[in-house]
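The values are calculated or read from the model by the stated rules, or taken from the named source; none is laboratory data. Note that the coordinates shown come from a computational prediction; the quantities given were computed from them, not determined experimentally. Reconstructed Cβ throughout: ideal geometry from the backbone, glycine too, with neighbour counts over all protein chains shown. We work out accessible area using only protein heavy atoms, side chains counted, and drop any ligands, DNA or RNA first. Shrake-Rupley method; radii C 1.70, N 1.55, O 1.52, S 1.80 Å.
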Amino acid sequence: MNVLLENDSIQVGIKSMGAELYSVKHKQFQLEYMWSGDQAVWGKTSPVLFPIVGALKENTYYYKGKSYSLSRHGFAREQHFQIKDQSKTEVTFVIVSDAESLLKYPFQFCLSMHYKIIDASLEVSYKVENTGKDEMYFSVGAHPAFAVPLEYGLQYDDYYLLFDQKEIAARWPISAAGLIESTPHSLLQNSDKLSLNRKLFAQDALVLKHLKSKSLSLKSDIGSHGLDFDFASFPYLGIWAAKDGDFVCIEPWCGIADSVIHDQNLTTKEGIEKLMPGVNWNRSWKVKFF
C-alpha cells in the first residue's frame, strides 16, 4: 500500500513496504526530486536502516556470548509497516518485534516512522521504543536518493553539495566486505563545497564523521532548483551514488558499519545507541525543496 501526502506545494509518496519514501513532486515547478528506483541500477529510493547501519563483520555480531546474523543495513527496509495514524499532510508507520525478529535481534522494540510535510518541506522522524526488560542496542540511518540532474539540459557534474560550515573532513574508506577501514583519506580541506562527479563514488560511499555542519544544500550554479537538507543530531553522514545512477544519496546516520578491527561485540560497536527499558529515542531530518 502506498500513501500520498499533499499540500499546496508538494506531493509526497511513501510505501508501506519498508516505510520507504519514493516520490517528492513540487507542484509549482513540476519537478520530481526523488530517484526513480531503476532496478537495473539501484532498486531502492530511501530505505530505512534499522537495527544496524552498514555491514557487520562477517555479517555477525555477538551479544551476551551468543552470535547473531544480520545483513547490511538490517531488516526494517524489507518489512511491511502498519499505518498507525494518517492525515492529508502526515503519516506514521510502525513495526514491532516478533518471533522472527528476535531470532536475529534479541530485543523487543517498536519502530515508528513519521512523515510530515509543511509548505515545500518534508520532515522524517524516527522513534525507537524499548518495549523489553533489558537495555537495547541499535542504530538508525536514512538513505534517501535525490535525482541528479534535476533539470533538463543539466549534467551530473553541474551539481555540488554546499555544507553550512567550512570543513576539514576526511572520508573513511569502505573495504570490499563493506567495513570501515582504519585509515581515513583527506576529502575537504577548509572547504564547504563538494563537487559531484561519477568518480567520487568509485570506491563506495563517502563516510564522514562528526562534521561541524548541521545542514547542506544540493544545488547547481547554472540551475534554479535544489534542496536544503538538515541533519542536525546525526553524528555520521554517508554520501553515495551507484555506478551510472542519476542520483545522490544524502545519508544521516546514528551508527556506522563495523570497522575492520572491530571485535564484533554489539555493545562496543562504534556509534551504537543504548536505550533503557520503557524509554523512547527520537531523531529527525528535514529537507526543503526549491
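Data for the structure
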read-out	value
Whole-number accessible area per residue in Å² for the stretch 189-240, which is evaluated in the context of all protein chains at 1.4 Å	46 Å²
Surface per residue (accessible, 1.4 Å probe) for the stretch 100-167, Å²	39 Å²
Cross-link table Lys64/Lys127; Lys104/Lys269; Lys15/Lys88; Lys88/Lys243, entries beyond 27 Å C-alpha to C-alpha	Lys88/Lys243
For the stretch 125-139, 3J(HN,Hα) per residue [Karplus equation, 6.51 cos²θ - 1.76 cosθ + 1.60, θ = phi - 60°, Hz, x = Gly/Pro]	10, 10, 10, 10, 10, 8, 9, x, 10, 10, 4, 10, 10, 7, 10
The stretch 137-189 shape via C-alpha gyration tensor axes, a/c threshold 1.5	prolate
Whole-angstrom gap from the stretch 118-193 to the stretch 40-71, using each part's C-alpha centre	17 Å
Percent of Cα-Cα distances greater than 18 Å, calculated over the stretch 1-116	58 percent
FRET efficiency estimate (nearest 0.05) - Cβ-Cβ, Asn197 to Gln264, R0 41 angstrom	0.70
Stretchable slack from Phe290 to Asp134, in nm (0.36 nm times residue separation minus alpha-carbon distance)	51.7 nm
Whether the stretch 154-264 is rounded, prolate or oblate, judged on the alpha carbon gyration tensor where a/c under 1.5 counts as rounded	prolate
Percent accessible area from carbon and sulfur atoms, the stretch 97-175, protein chains only, probe 1.4 Å	48 percent
Descending semi-axes in whole angstrom, ellipsoid equivalent of the stretch 89-160, from the Cα gyration tensor	36, 16, 10
At R0 = 51 Å, FRET efficiency that the Cβ-Cβ distance of Asn190 and Ala99 yields, to 0.05	0.45
Placed amide H near Phe146: partners under 5 Å, 5+ positions off or other chain	Trp35, Val248, Cys249, Ile250
Residues of type lysines that Lys288 reaches as a straight line, Cα spacing below 17 Å, ignoring anything fewer than 8 places off in the same chain	Lys25, Lys27, Lys116, Lys214, Lys219
Where Rh is the Kirkwood radius over Cα pairs, Rg/Rh for the chain	0.95
Cα gyration tensor shape of the stretch 204-290, rounded if a/c is under 1.5, else prolate or oblate by comparing a/b with b/c	oblate
